[in-house]
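Read the structure below first, then the notes.
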Amino acid sequence: MLSAPNLDYELLAPIMIILGGALIGVLIEAFAKPAWRARLQLVISLAAIVISFNQLVRVRNDGSSIAAVTSVSVDGAGMFLQGAILIFAFLGILVIADQDNFAPQASALPGSAEEAAAIQAGKQQTEVFPLTMFAVAGMMLFPVATDYITLFVALEVLSLPLYLMAGLSRRRRLLSQEAALKYFLLGAYSSAFFLFGAALLYGYSGTISLNGLTDAIRGNTGNDVFLLLGIIFLSVGLLFKVGAVPFHSWKPDVYQGAPTPITGFMAAATKAAAFGATLRIFYLGLDAAQTSWKPFIAVISVITMIVGSLAAISQRDMKRMLAYSSIAHAGFVLTAIVSLSENALSASLFYLFAYGVATIGAFAIITIVRDSAGEVSDVNRWIGLGKKSPLVASVFSLFLLSFAGIPLTSGFVGKFSIFSAAYESGNIMLVVVGVLSSAIAVFFYLRVILMLFFTDATNDSISVVIPSILTRISISISAIFTIILGIAPSLLFDIAQDFAYFLR
Amino acid sequence: MTISTNLVYFIALPLFSSGLLLLLGRKADKWGHIFATLVSASVFIIGVIEFFAMQSREGEARAATQKLFEWISVGSFQVDAGLLLDQLSICFVLLISGVGTLIHIYSIAYMSHDRDRRRFFAYLNLFIAAMLLLVLGDSYLNLYVGWEGVGLASYLLIGFWNEKPAYAAAAKKAFVANRVGDVGLSLAIMIAFTQFGTVTFAGVKEGASGASAGALTAIGAMLLLAAAGKSAQFPLQSWLGDAMAGPTPVSALIHAATMVTAGVYLITRSNFIFDASPTAQLMVVIVGAITLLFGALIGTAKDDIKKALAASTMSQIGYMILATGLGPIGYAFAIMHLITHGFFKAGLFLGAGSVMHGMNDEVNMRRYGALRKVMPITAATFGLGYLAILGVPPFAGFYSKDKIIETAFDSGGIQGILLGIITLLGAGITAFYMTRVMVLTFTGTKRWDEKARPHESPFLMWAPMAALAVGSVASGFLLNSGSALVNWLQPVVNENQEYHSEHLLPPIVVSIMALTVVAIGVAIAVIKYRTVPVVAPENVLGITKAARKDLYQDSFNEAIFMRPGQKLTAGLVNTDYKVVDGLVRLVGWVVQISASNLRNIQNGYVRSYALIMVLGVIALIAAVWMVTL
């Protein structure tokens, strides 16, 4: 006789509310009138996010605990990242709501008569809302999952919608579809690595849970070859998602090809989710085996920081440049994994939030810089934007300064705390490389700012379209977060410190 | 300590008004000057209320504090933004807002023809806010913010007419000289933090009692450097003369009455450091003594009325700095002279501004003469200020300057006698150059330019001058009667109640000596300037030539700092171009090569991306294998 397991629904409620919102979204697609869909979808999505956030706060007040028969651990770090992902989703959806960025009919062949007809008919692609919500649900599950199966399911739930969303761009359709296909193939490939690693670790410990893994390592009961290979394969799956070198190749292509609002959302939220899971696996499951993985994660962190910063210099496309910058930032957060301390954990929580907010803002600005054919992502065409639209150029510069880690922006505080945690734990080489590659990074961020403000415009064809009120709200909130967290970091930092723990 | 919630308005009101006027731009042109003046006046009224509130409290409770917010909190480094209003800072608050308001009123008329009058008033309010933050901050770091703020306001106001390159250059010069001093202040703060782990006045005071002599001397020396930069003391005094490029009300407020005295405030506020370090005190005395003579000598040869007054400011602040170096007893007299000087020097500057206003902005005193008949009110108020600075009883300067001379004599030993003589000598030279200014401007024959049509200034201008003249007459007597100021400041600057009970010379003798010297100075000036050539004579003594050139301070700076500095920067630029850029180009070349290799890798084919991942995995396995073997 099997008894039904107690799933602790109230702890899972934040995720389930989002899933519910996504399902309602699917129903809207099926039954609502086309003219109403976009508005309904927007309201439903935002409402689900707000309700979910509210539920998350209640869970927090009731105290964190283990749910779903130890498969899920709603602990401090997990809840912090869930909250962060919800905020990213909120900001992201505000930008996504600008339908101008999406193909009218994604299934139509690029350049075909069918597509032209869809444009003519003014069709809109509102499936992007439920897809986003499904991805958000997966992202919220990923950082709180504590066994390989749940982790894998969460990974797939968050990835599959993203593969589709990457192909939805209205302009440069072929590039977008190519990006989607690449992302899908490589993502499936890395999932296979992840699954293979999980299988090996199961072979090593005889259990699928991270706790069981720790016990097995402590007890030294298994075969070390399984353990080491398992760690490496599992890491490859995770490192792919965060975009660490040499598993980063997809990132520039996908970031460039995907519709820009999706890129912003993906860059912020996927990174937070993936790092959440990575931090949990290394802090909770593998800390007993740290001598075997620390060296190679450290090396990957160094290579990632250097390659990310160097490659960004030679980019001529704004989105590709930000993709490489995202790779470099992944390297910075990886140093926090090597540091393996509570300070490093709280620093990386802060960092992921600060970086995510600025990223959404920066990509949102790219969506509104356009010429007659649409969005302009060629860096050289942004020359002189500061004279035409000083406000937009200033806010974009603010986000770049935050990426560069200039004081009085949130990015500085994030970098400073992550490097000081690394320094405290004795990883001085990592700090040196981190600071050096930050210095390289400052170069290309400042170069863009110089181009915006101090180079005379050579062409007048680009202009900033007046953003929709939603995009404007999203950009403003991101900018306000970036400044406030730079001036009064303790507002969030204290919270991050409270939340910096994992529950076994 | 009393907890107050009102202190923040001292800074918030003028800061808000300044921001508002700058943001609104031309829209506020019509009423900006009135608004700014009202704000300044209300700050003064709050100051008066706080003063009486403080008087009604007793003992420890007199000082009031307000914590604004937690400013920096990183590990063990905790700084709150907090304000402290005690017996010392209230003096400054009243002086700054009181004289400040008078000068706001004066400027309404003085700047009425300037199309940027609103911007001028916005800067004035910015200055008031920053200066009040400087004197109200409860830690060195908060003081530093105000310190930089007044530097900024001063820079903006000196260069207010920046369409003239010479004025812009003067602003830059003031800015650079101030930066040198500011480095001193920041170093002092850093040393204090490493030594005591805190930068609040209370914390440093507590720590200073147990600190090593070396550390205290280092902090003291750095604070002195800061004070020298801000207060135009030797060797950083050269900027003050050029700062006269700013509009005259600015010279009166910032470069005579308030900002330039910030150095005196800094040293007085840090009395616990200087009292514990005789070496630092000696340095203070030496700097003060040199500057008081230096400034006075320059003052004797200047034909530009504002530059002559600027030199006099330098010299008078030299008196104050010297007094602060004389230990617990000296601080109160320094502050007393600071306040009386605030009145009479601001009055003198406004008088000079009034003369310039009537003479088509002519500043050369050789083109003045006999102005007392056409500008009687200006002549009268200027005359009262003149009597005050000379130290003629019962005018303000008599009380404050005589006390400093007395204290100098009483400081003991050869040093005391030497300092006494220097201060007496300074008083004599002061009498000479001030009489010279008086005679050249208001008496004698007309030497006016043909186009000059001198006239008395409007009411809005002479009313503040009259108010300041009242201060020049009465403030000294009021502050000195019953040792009012000395007793008032005693809890802050002289906790152990040290006074000179024995005098080297009886006070009456000192006063007679001082008056004699002053009389001699006046007599020489009157005799010498019975006739005044319109063009400055060339066949003069070497000392006059030197004084005309600011005792070669600029040439010295040029030869010692500027030229080697230029050589150094040229060398650095060369090194930068050849070595650093060369390296960068090499790195760039390597980066380009590797980037093109990276581009080959980043070829867009999924199959090669997958291959890279496999290679990465193999490399990882190999690496881990090697490590574990």
Taking only the range A:328-344 into account, find how many residues are surrounded by fewer than 24 Cβ atoms within 10 Å (Cβ to Cβ) and either hydroxyl-bearing (Ser, Thr, Tyr) or closer than 20 Å to A:Phe399 by Cβ (or both). 1
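Out of curiosity, is A:Phe247 out of contact with any strand residue (DSSP E or B) (no Cβ under 6 Å at 6 or more places or on another chain), buried (at least 24 other Cβ atoms within 10 Å of the Cβ) and within 14 Å of chain B (Cβ to nearest Cβ)?
yes
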So A:Gly276, is it over 22 Å from A:Phe444 (Cβ atoms), of a type in the set (Gly, Ala, Ser) and more than 11 Å from chain B (Cβ to nearest Cβ): yes
Residue in the range A:252-268 that is under 22 Å from B:Ile612 (Cα atoms), assigned to a helix (DSSP H, G or I) and in contact with a strand residue (DSSP E or B) (Cβ under 8 Å, 6 or more places away or on another chain) present: yes
Got at least one residue in the range A:224-241 being part of a loop (DSSP other than H, G, I, E, B) and either away from chain B (no Cβ under 13 Å) or more than 26 Å from A:Ala97 (Cβ to Cβ) (or both)? no
Residue by residue through the range A:111-150, note down the ones that are surrounded by fewer than 19 Cβ atoms within 10 Å (Cβ to Cβ) and acidic (Asp, Glu). A:Glu114
Test B:Phe35 against the stated conditions and say whether it is in a helix (DSSP H, G or I), aromatic (Phe, Trp, Tyr) and in contact with a helix residue (DSSP H, G or I) (Cβ under 7 Å, 6 or more places away or on another chain). yes
With respect to A:Ile85, is the statement that it is more than 24 Å from A:Asp147 (Cα to Cα) and in contact (Cβ under 8 Å) with a residue 60 or more places away in the chain true? no
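If you check A:Ala298, A:Ala323, A:Ala347, which single one turns out to be within 14 Å of chain B (Cβ to nearest Cβ), surrounded by 24 or more Cβ atoms within 10 Å (Cβ to Cβ), farther than 24 Å from A:Phe443 by Cα and at pLDDT 90 or above?
None of the others qualify; the one that does is A:Ala347.
Can you name every residue in the range A:176-208 that is more than 26 Å from A:Arg320 (Cβ to Cβ), among the small types (Gly, Ala, Ser) and part of a helix (DSSP H, G or I)?
Passing the criteria: A:Ala192, A:Gly197, A:Ala198, A:Ala199, A:Gly203, A:Ser205.
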When residues of the range A:276-317 are filtered for being under 21 Å from the mean Cα position of the chain (by Cα) and of a type in the set (A, V, I, L, M), how many remain? 12
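Among the listed residues A:Phe396, A:Phe443, identify the single one that is over 20 Å from A:Ile337 (Cβ atoms), touching a helix residue (DSSP H, G or I) at 6+ places or on another chain (Cβ under 8 Å), in a helix (DSSP H, G or I) and in contact (Cβ under 8 Å) with a residue 60 or more places away in the chain.
Going through A:Phe396, A:Phe443 in turn, the sole match is A:Phe443.
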Quick one: is A:Val433 over 24 Å from A:Ile487 (Cα atoms), assigned to a helix (DSSP H, G or I), β-branched (Val, Ile, Thr) and touching a helix residue (DSSP H, G or I) at 6+ places or on another chain (Cβ under 6 Å)? yes
Condition first: touching a helix residue (DSSP H, G or I) at 6+ places or on another chain (Cβ under 7 Å), within 14 Å of another protein chain (Cβ to nearest Cβ) and farther than 19 Å from A:Ala145 by Cα. Now tell me which residues in the range A:177-216 satisfy that. A:Glu178, A:Ala179, A:Ala180, A:Lys182, A:Tyr183, A:Phe184, A:Leu185, A:Leu186, A:Gly187, A:Tyr189
Which residue out of B:Ala427, B:Ala408 is farther than 25 Å from B:Val526 by Cα and within 27 Å of the chain's Cα centre (by Cα)? B:Ala408
Selection within the range A:336-384 - farther than 19 Å from A:Phe80 by Cβ and not hydrophobic (A, V, I, L, M, F, W, C): A:Gly361, A:Thr367, A:Arg370, A:Asp371, A:Ser372, A:Gly374, A:Glu375, A:Ser377, A:Asp378, A:Asn380, A:Arg381, A:Gly384
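Being surrounded by fewer than 24 Cβ atoms within 10 Å (Cβ to Cβ), farther than 16 Å from A:Leu436 by Cα and within 13 Å of chain B (Cβ to nearest Cβ) is the requirement here; does A:Ala289 meet it? Spell out how you get there, then give the answer.
Details: surrounded by fewer than 24 Cβ atoms within 10 Å (Cβ to Cβ): yes; farther than 16 Å from A:Leu436 by Cα: yes; within 13 Å of chain B (Cβ to nearest Cβ): yes.
Spelling it out, A:Ala289 is indeed surrounded by fewer than 24 Cβ atoms within 10 Å (Cβ to Cβ), farther than 16 Å from A:Leu436 by Cα and within 13 Å of chain B (Cβ to nearest Cβ).
The values are calculated or read from the model by the stated rules, or taken from the named source; none is laboratory data. Keep in mind the model is a prediction, meaning the values are calculated, not measured. So basically every Cβ, Gly included, is an ideal-geometry build from the backbone, and we count neighbours across all protein chains shown.
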